[in-house]
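The values are calculated or read from the model by the stated rules, or taken from the named source; none is laboratory data. Every value quoted in this text rests on a predicted model; they were computed, and no experiment measured them. Backbone-built Cβ (ideal geometry, glycine too); neighbour counts: all protein chains shown. Accessible surface areas use protein heavy atoms only, side chains included; no ligands, DNA or RNA. Shrake-Rupley method; radii C 1.70, N 1.55, O 1.52, S 1.80 Å.
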Amino acid sequence: MSTDDPEPRVRACYATWAQSYFADYYGADAPYPPVHREIVREELRRSGARSVLDAGCGPASILRFLAEDGLDVFGFDLTPEMVDEARRVLAAHAVPAERLWQGSVLQADSFQAAGIDSRLDAVICLGVLPHIRTQDDAQVAKNLVAATAPGGLVMAEARNQFFGLFTQNRFTYDFLANELIRVGDLQTKDGGAAVPDALAKLRSHFRMDLPPVRKGTQGEPGYDEVLSRTHNPLLLKQQFEEAGLTDVRLLFYHYHCLPPMLAHYAPDFFRRESLSMENPEDWRGMFMASAFILTGRRR
Ligand SMILES: C[S@@+](CC[C@H](N)C(=O)[O-])C[C@H]1O[C@@H](n2cnc3c(N)ncnc32)[C@H](O)[C@@H]1O
């Protein structure tokens with residue numbers, strides 16, 4: 001493993017979060033309802049899957065609902081504290097502890113475990129891709145597809161890089177500078193002071209101090225202090241197709257009716273109107289939704 005392996009810091013980030021993660025994102029007081037949960041359940045229902053592996057399952061946030069839906073559930077996670085919590089939660093659904101184990105989506109052998117005697121009908125991976133280095137995306141896609149039975153369903157969730165075009169903050173500048181303009185290349189051309197001057201002017205159009213950086217609370221690195229990148233939906237689709245998926249669709253969720261920096265003008269209104277926009281198939285999700293689920297079938 002290279003020295004810039006993000007896993008130790010990611011594990012440290014989540015180690016203190018195992019008990020509260022579910023309440024933070026799925027509980028009644030969560031800042032936004034977990035709208036993706038129904039997208040995942042619906043896709044699984046439509047696929048007819050009877051067994052599912054959740055790669056990076058956290059505290060069984062989704063698996064607990066899938067167990068209620070009658071699916072045969074399996075899961076692994078990088079963070080041992082998350083695995084312990086998932087075991088505790090799923091014990092109430094009569095899921096044996098050995099169906100949950102520690103592992104990494106980067107390692108093909110993490111997808112094998114006691115109790116799995118063949119490839120599964122569905123493999124899902126939610127909230128994990130942000131913590132994967134760009135150069136490792138293809139390997140993760142390959143591992144997810146390989147663990148799925150032919151014709152089976154794969155779902156991978158990611159943070160939407162194109163949302164940065166809507167937010168008018170640091171993310172907007174980063175997308176324009178790094179993905180569209182490709183500042184690194186431009187700076188090698190002979191433009192004198194023009195390029196730095198132009199970029200400084202460009203930055204002045206955006207709130208570079210936003211969004212606030214999410215820090216740790218007990219000395220551990222916070223979510224924005226570990227690798228937590230966004231993905232280009234179109235490139236990710238291409239990558240999963242190359243890894244062996246067909247019928248790939250992009251389902252967008254967590255809409256924002258206005259750029260989030262304007263939410264404070266009327267928070268309840270903002271939340272209500274954003275919720276009313278939730279439609280995974282609306283093209284505006286490509287820009288106004290902060291996350292998406294890639295879904296497809298193994299060829
Ligand atoms: C944002 S949480 C999502 C948890 C759960 N999937 C959900 O949707 O609620 C991300 C989870 O991914 C796990 N994770 C991060 N990198 C991982 C990796 N390389 N392999 C497996 N799990 C990983 C973390 O430990 C954490 O539990």
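A few points about this structure:
- Within the chain, helix-based [θ] at 222 nm, where runs of 4 or more DSSP H residues each add -39,500 (n - 2.57), nearest 500: -9000 deg cm²/dmol
- Sequence-distant aspartates and glutamates (8 or more away, or on other chains) whose Cα lies within less than 16 Å of K201: D174, D209
- As a rough guide to protection, the peptides 165-175, 281-291 ranked by mean Cβ packing within 10 Å, highest first, stand as 165-175, 281-291.
- For N232, residues with placed amide H under 5 Å, excluding near neighbours: Q161
- Most tightly packed first, judged by the mean number of other beta-carbon atoms within 10 Å of their residues, the peptides 244-251, 10-17, 292-299 read 292-299, 10-17, 244-251.
- A198 versus A30: modelled label distance in nm, points set 7 Å from Cα along the beta carbon direction: 4.3
- At a probe radius of 1.4 angstrom, the accessible area of the chain per residue rounds to 49 square angstrom.
- The GNM of the chain, with springs linking C-alpha atoms under 10 angstrom apart, assigns the highest mean-square fluctuation among R214, R159, R271 to R214.
- Carbon + sulfur, % of accessible area of the chain - ligands and nucleic acids excluded, 1.4 Å: 53
- Contact order relative to length of the chain, as percent, for alpha carbon pairs under 8 angstrom and 6 or more apart: 19
- Taking amide hydrogens as placed 1.01 Å from N in the peptide plane, the amide H of D72 sits under 5 Å from those of S51, V52, each at least 5 positions away in sequence or on another chain.
- The mean sequence distance of close C-alpha pairs (under 8 Å, at least 6 residues apart), as a share of the length of the range 30-186, puts its relative contact order at 20 percent.
- The chain - Rg and Dmax from Cα coordinates, angstrom: 19.8, 67
- Taking every alpha-carbon pair under 8 Å whose residues sit at least 6 apart, the range 10-100 reaches a relative contact order of 29 percent.
- Looking at the chain alone, DSSP beta bridges between its own residues are antiparallel in about 45 percent of cases.
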